[in-house]
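The values are calculated or read from the model by the stated rules, or taken from the named source; none is laboratory data. Just so it is clear, the model here is predicted, and its values are computed rather than measured. Here the Cβ positions follow ideal geometry from the backbone for every residue, glycine too, while neighbour counts run over all protein chains shown. Quick note on the areas: whole protein, heavy atoms, side chains included, nothing else; ligands and nucleic acids left out. Shrake-Rupley method; radii C 1.70, N 1.55, O 1.52, S 1.80 Å.
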Amino acid sequence: MTESLHTVDMHAHVWLSEGDRLVAHLPGFAAQAELDLRRAGPASAAVSADNIAARRDLLTDAATRLRHMDRTGVDVQVVSVSPTQFHPWAEAGPAWDLAQAINVGVARHCARSPGRLIGLGVAPLRHPEVAVAALEDAVHRGLRGVEISSHAPYSGRPIELSEPALEPLWTRAEQLGALIFLHPWGCTLDERLDRWYLSNSIGQPVEHAVALAHLILSGVLDRHPDLHVLAAHGGGYLPAQAARLDFAWHNRPDARSSAEPPSSYLRRMWFDSLVYTPDALRHLVTAVGPERVVLGSDYPFDMGVDNPGQRLDEAGLDAEHTAMIRCGNASQLGVLSGAEFSLSEWKPS
């Protein structure tokens, strides 16, 4: 990182038409669209469609993105695909094709300004072998890690981040020093959140809390102490309610599955600053530590903020902590420098 880089936005998105084209003909595509509509409700779905149409250039055109960054004082964006393009229902072969297409698309978008745009790929959780290969493919292409959701659909109960089959993904990410960016899409509360945009305003924080609790209480972070996990949206409800997990850990034998009380693991992960108010950001910094918070805008969506650096300044933190959150912690995470390795071959059977 050079001294000229002052503001690093770790949470920004791109939309890739080639991703949807790969899977749009498969039956699961229509089924996922129906599920998304059922979860959001028709009113919210219509508003979201209009918003996406209005923001198309911001999502797809690198020059438009860079102009927006200039206007808002952002020096670097870490770019990941819109989570609507995860398509977690895809079988192994299409999931591998989609992951490669997204990795290529993100890398190509970021190559328009390699000093200012840094990319993340994807890792499809439904297929652990594919997830590992997709992570390796992402890093091979110069991306700094992968974006994942909070769960993956499967027949019956969802695949959670505590699933033992995902151990190779955490192992490989730890070996590579790759970032795991947790960004939910779709809340399993389904129709209970189908009005007033509760699917996002309530559903996303719930999904974060559940996913992070699975990582903590299953021992993933005990077994992989050097795993770099960044939670979007300030980690949802978990930082504010970790004391309740701790109370259960101390008082119930069935809840004591991690080596330490759950709240202690908040200082082993990272969280973005997208919590909307100065007071909420100060509470997040108190809960997880200033060295574990990075800037995040959720560019360019309507639940994001235009100027994450200004939002940080408004929190009134001391100068050292402000500098850490503005750029220093991103540098510590390793996203501002890359590493090379030999891509292992994997093909779906």
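Take segment 127-145 and flag every residue that is over 13 Å from the mean Cα position of the chain (by Cα), surrounded by 19 or more Cβ atoms within 10 Å (Cβ to Cβ) and assigned to a loop (DSSP other than H, G, I, E, B).
His127, Leu143
Report yes if Pro239 is open to solvent by 60 Å² or more (accessible area, probe 1.4 Å) and either out of contact with any Phe, Trp or Tyr (no Cβ under 6 Å at 6 or more places or on another chain) or more than 21 Å from Ala152 (Cα to Cα) (or both), otherwise no.
No: the conditions fail for Pro239.
Taking the options His214, His250, name whichever one is in contact with an Asp or Glu (Cβ under 8 Å, 6 or more places away or on another chain) and either of a type in the set (A, V, I, L, M, F, W, C) or modelled with pLDDT of 95 or more (or both).
On inspection, the qualifying residue turns out to be His214.
If we scan segment 169-185, do we find a residue that is out of contact with any Phe, Trp or Tyr (no Cβ under 6 Å at 6 or more places or on another chain), open to solvent by 30 Å² or more (accessible area, probe 1.4 Å) and under 29 Å from Arg39 (Cα atoms)? Reasoning before the result, please.
The first filter runs over segment 169-185 and keeps only residues out of contact with any Phe, Trp or Tyr (no Cβ under 6 Å at 6 or more places or on another chain), leaving 169-184.
When the remaining residues are screened for being open to solvent by 30 Å² or more (accessible area, probe 1.4 Å), the result is 171-172, 174-177.
From the residues that got through so far, the ones that are under 29 Å from Arg39 (Cα atoms) too are none.
No, every residue in segment 169-185 fails to be out of contact with any Phe, Trp or Tyr (no Cβ under 6 Å at 6 or more places or on another chain), open to solvent by 30 Å² or more (accessible area, probe 1.4 Å) and under 29 Å from Arg39 (Cα atoms).
Would it be correct to say that Arg65 is assigned to a helix (DSSP H, G or I) and either surrounded by fewer than 17 Cβ atoms within 10 Å (Cβ to Cβ) or of a type in the set (Asp, Glu) (or both)?
no
Is segment 226-236 home to any residue that is modelled with pLDDT of 95 or more, open to solvent by 30 Å² or more (accessible area, probe 1.4 Å) and among the small types (Gly, Ala, Ser)?
No, there is no match, as no residue in segment 226-236 is modelled with pLDDT of 95 or more, open to solvent by 30 Å² or more (accessible area, probe 1.4 Å) and among the small types (Gly, Ala, Ser).
Sort out which residues of segment 146-166 are in contact (Cβ under 8 Å) with a residue 40 or more places away in the chain, out of contact with any Pro (no Cβ under 9 Å at 6 or more places or on another chain) and in a loop (DSSP other than H, G, I, E, B), and write them in order of number. Break it down into steps so the answer makes sense when it comes.
Residues of segment 146-166 in contact (Cβ under 8 Å) with a residue 40 or more places away in the chain: 147, 149-153, 160-162, 166.
With out of contact with any Pro (no Cβ under 9 Å at 6 or more places or on another chain) added as a condition, the list becomes 160-162.
Answer for segment 146-166, where residues must be in contact (Cβ under 8 Å) with a residue 40 or more places away in the chain, out of contact with any Pro (no Cβ under 9 Å at 6 or more places or on another chain) and in a loop (DSSP other than H, G, I, E, B): Leu161, Ser162.
Taking segment 232-258 as the region of interest, how many residues are among the hydrophobic types (A, V, I, L, M, F, W, C) and in contact with a Gly (Cβ under 7 Å, 6 or more places away or on another chain)?
1
Considering each residue of segment 186-196, count those that are more than 18 Å from the chain's Cα centre (by Cα) and either of a type outside the set (Asp, Glu) or open to solvent by less than 10 Å² (accessible area, probe 1.4 Å) (or both), and give that number.
Here the count works out to 5.
Which numbered condition in (1) closer than 30 Å to Gln332 by Cβ; (2) out of contact with any helix residue (DSSP H, G or I) (no Cβ under 8 Å at 6 or more places or on another chain) is the only one that Thr7 fails?
For Thr7, the exception is condition (2).
How many of the residues making up segment 105-126 are at pLDDT 95 or above, open to solvent by 50 Å² or more (accessible area, probe 1.4 Å) and of a type in the set (Gly, Ala, Ser)?
Total meeting the criteria: 1.
Between Trp196, Trp185, which is of a type in the set (Phe, Trp, Tyr), more than 21 Å from Pro88 (Cα to Cα) and touching a helix residue (DSSP H, G or I) at 6+ places or on another chain (Cβ under 9 Å)?
Numbers: Trp185 fails: more than 21 Å from Pro88 (Cα to Cα).
Exactly one residue qualifies, and that residue is Trp196.
If the requirement is being part of a helix (DSSP H, G or I), out of contact with any Ser or Thr (no Cβ under 9 Å at 6 or more places or on another chain) and buried (at least 18 other Cβ atoms within 10 Å of the Cβ), which of these qualifies: Leu22, Leu58, Leu35?
The unique qualifying residue is Leu22.
What do you reckon, is Pro94 open to solvent by 10 Å² or more (accessible area, probe 1.4 Å), closer than 23 Å to Ala31 by Cα and within 18 Å of the chain's Cα centre (by Cα)?
no
Please go through segment 201-221 and give me each residue that is among the small types (Gly, Ala, Ser) and open to solvent by 10 Å² or more (accessible area, probe 1.4 Å), ordered by number. Talk me through it step by step, then tell me what you get.
Initial filter on segment 201-221 (among the small types (Gly, Ala, Ser)): 201, 203, 209, 211, 213, 218-219.
Listed by number, the residues that qualify are Ser201, Ala209, Ala213, Ser218.
Select, from Pro128, Pro88, the only residue that is over 21 Å from His224 (Cβ atoms), touching a residue at least 40 places away in the same chain (Cβ under 8 Å) and in contact with a helix residue (DSSP H, G or I) (Cβ under 9 Å, 6 or more places away or on another chain). Steps first, please.
Values: Pro128 fails: over 21 Å from His224 (Cβ atoms).
Being over 21 Å from His224 (Cβ atoms), touching a residue at least 40 places away in the same chain (Cβ under 8 Å) and in contact with a helix residue (DSSP H, G or I) (Cβ under 9 Å, 6 or more places away or on another chain) holds for just one of Pro128, Pro88, which is Pro88.
Six or more apart or on different chains, Cβ under 7 Å: which pairs go from a residue in segment 219-248 that's within 20 Å of Gly177 (Cβ to Cβ) to one that's buried (at least 24 other Cβ atoms within 10 Å of the Cβ) and hydroxyl-bearing (Ser, Thr, Tyr)? Could you list them?
Matching pairs, first to second residue: Leu221/Tyr265.
Kindly establish whether Ala43 is assigned to a helix (DSSP H, G or I) and in contact with an Asp or Glu (Cβ under 6 Å, 6 or more places away or on another chain).
Answer is no for this residue.
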